[in-house]
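The values are calculated or read from the model by the stated rules, or taken from the named source; none is laboratory data. Please read all numbers here as calculations on a predicted model, not as lab measurements. Reconstructed Cβ throughout: ideal geometry from the backbone, glycine too, with neighbour counts over all protein chains shown.
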Amino acid sequence: MVSDAAYSALDIVMARQNRHIEYAIEAEPFDIETLTTALDDLSPAGVLEEGSTALVYFAEVKDPGDELREIVESLRQSGAIEDYSIERREIENRNWNEEWERSREVVRVSDRLVVKPSFRDYDARDDEIVVVVDPKMSFGTGAHPTTRLCLRVVERLTRPGASVLDLGSGAGTLAIAAILFGAERALAADVDRDCKLNGEENAELNGVSENIEFLVGDVGSISGTFDLVLANIHKNELLKIAEKLRARCAPHATVALSGLLLDDEAEIRETYEQAGFTFSGKSVEDEWLAVEFTPGI
């Protein structure tokens, strides 16, 4: 699970605090979900995007200090960002839910596909697919390039009646989109229980609850095979599960992997080809990559 920040819990946490700690992080290139992904283990009380700055909040009694700086520095050393600055402030409480809602926008993924929060109005064309997502503790607003890359795969490859596996499902965005594009059933799996709850809520918002099963677990918890397998998770995890993913593929399935930087392509391709997959294509947005494979017969 990748936290899009604990926005819904923020009022509860901060209501008990007169003050809180704010870390203002500027990074080049700036990507809000790259930063929130890296900082997720610190369990921030909330993250807001303000222009090209990520505002990361902690209760006054929980200040991660040097650990936060070490994590951001590790992003620079890995090449995910080139430069950054961090400013620490102690400030008074604020209306977090209101500020978060102001920061969420309608995201156009393609000419036909839009992702939006429930509290934003959008006048859709007749031929458009609109996925309504209110992320709480989970990833999948459509704001991050890896989510958009996977959504374009869903749009291009989902066939009527297909079965879809969404591994590392977060808010359930990919599984929901697959059903809206005509898939018959989807399994959305994430190791975080909050993602299951959030995904179920979002499926209800889109009227597809009967078509999606939400599971708390990893690929080892899954049985059956699928026509389209989507895994938008960390590279290191993708490298570990190649053979397990192949076992979940129906004949002539496609596996789409993301959560990858451009420099990850060679290692991913080598690992998956050794596991019996055939490389079938890739797509790129900024420095992010989605790679597609078909299982060998």
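Please work out if K282 is surrounded by 16 or more Cβ atoms within 10 Å (Cβ to Cβ), of a type outside the set (S, T, N, Q) and out of contact with any helix residue (DSSP H, G or I) (no Cβ under 9 Å at 6 or more places or on another chain). The answer is no for K282.
Take the residues of segment 251-279 that are part of a strand (DSSP E or B) and at pLDDT below 95: which is surrounded by the most Cβ atoms within 10 Å (Cβ to Cβ)? Write out each step before concluding.
Step one: of segment 251-279, the residues part of a strand (DSSP E or B) are 251-261, 277-279.
Filter once more, keeping what is at pLDDT below 95: 251-252, 258-261.
Numbers: P251: 9, H252: 9, S258: 28, G259: 25, L260: 24, L261: 16.
Filtering first and then ranking leaves S258.
Looking across segment 147-175, the residues that are surrounded by fewer than 24 Cβ atoms within 10 Å (Cβ to Cβ) and part of a loop (DSSP other than H, G, I, E, B) come down to T158, R159, P160, G161, A162. Take T271 and decide whether it is out of contact with any Ser or Thr (no Cβ under 9 Å at 6 or more places or on another chain), farther than 23 Å from P117 by Cβ and of a type in the set (V, I, T). Answer is yes for this residue. In segment 56-65, the qualifying residues are those that are of a type in the set (A, V, I, L, M) and in contact with a strand residue (DSSP E or B) (Cβ under 7 Å, 6 or more places away or on another chain), and the one that is modelled with the highest pLDDT is V56.
For the criterion of being crowded, with 17+ Cβ neighbours inside 10 Å and at pLDDT below 85, V47 passes. Would it be correct to say that K235 is surrounded by 14 or more Cβ atoms within 10 Å (Cβ to Cβ), in contact with a strand residue (DSSP E or B) (Cβ under 8 Å, 6 or more places away or on another chain), modelled with pLDDT of 95 or more and of a type in the set (K, R)? In short, no. Number of residues in segment 176-226 that are assigned to a loop (DSSP other than H, G, I, E, B) and touching a residue at least 12 places away in the same chain (Cβ under 8 Å) equals 13.
Evaluation of K240 against the conditions (1) over 28 Å from D31 (Cβ atoms); (2) among the charged types (D, E, K, R); (3) surrounded by fewer than 19 Cβ atoms within 10 Å (Cβ to Cβ) shows that the sole unmet condition is (1). Within segment 91-105, the set of residues being farther than 19 Å from T146 by Cβ and modelled with pLDDT of 70 or more comprises I91 only. Being farther than 29 Å from L174 by Cα, in a helix (DSSP H, G or I), of a type in the set (A, V, I, L, M) and modelled with pLDDT of 80 or more narrows it down to one of L35, L68, so name that one. Every option except L68 fails the conditions.
Just a yes or no: is a residue in segment 193-211 over 22 Å from P135 (Cα atoms) and loosely packed, with under 15 Cβ neighbours inside 10 Å? Break it down into steps so the answer makes sense when it comes.
Our first condition is that a residue be over 22 Å from P135 (Cα atoms); within segment 193-211, this holds for none.
No.
Within segment 230-249, does at least one residue satisfy the condition of being acidic (D, E) and within 27 Å of K116 (Cβ to Cβ)? Step through it out loud before you land on a result.
Step one: of segment 230-249, the residues acidic (D, E) are 237, 243.
Narrowing the set further to residues that are within 27 Å of K116 (Cβ to Cβ) leaves none.
No, there is no match, as no residue in segment 230-249 is acidic (D, E) and within 27 Å of K116 (Cβ to Cβ).
Restricting attention to segment 165-215, which residues are of a type in the set (F, W, Y) and within 18 Å of A290 (Cβ to Cβ)? F181 - this is the single residue of segment 165-215 that is of a type in the set (F, W, Y) and within 18 Å of A290 (Cβ to Cβ).
Applying the condition of being out of contact with any strand residue (DSSP E or B) (no Cβ under 6 Å at 6 or more places or on another chain) and surrounded by 15 or more Cβ atoms within 10 Å (Cβ to Cβ) to segment 70-92 and asking which residue is farthest from I32 (Cα to Cα) yields I71. Here A80 passes the criteria (1) part of a strand (DSSP E or B); (2) at pLDDT 75 or above except the one numbered (1).
Does A188 meet the test of being under 25 Å from F279 (Cβ atoms) and crowded, with 16+ Cβ neighbours inside 10 Å? Spell out how you get there, then give the answer.
Working: under 25 Å from F279 (Cβ atoms): no; crowded, with 16+ Cβ neighbours inside 10 Å: yes.
So A188 does not fit the description; no.
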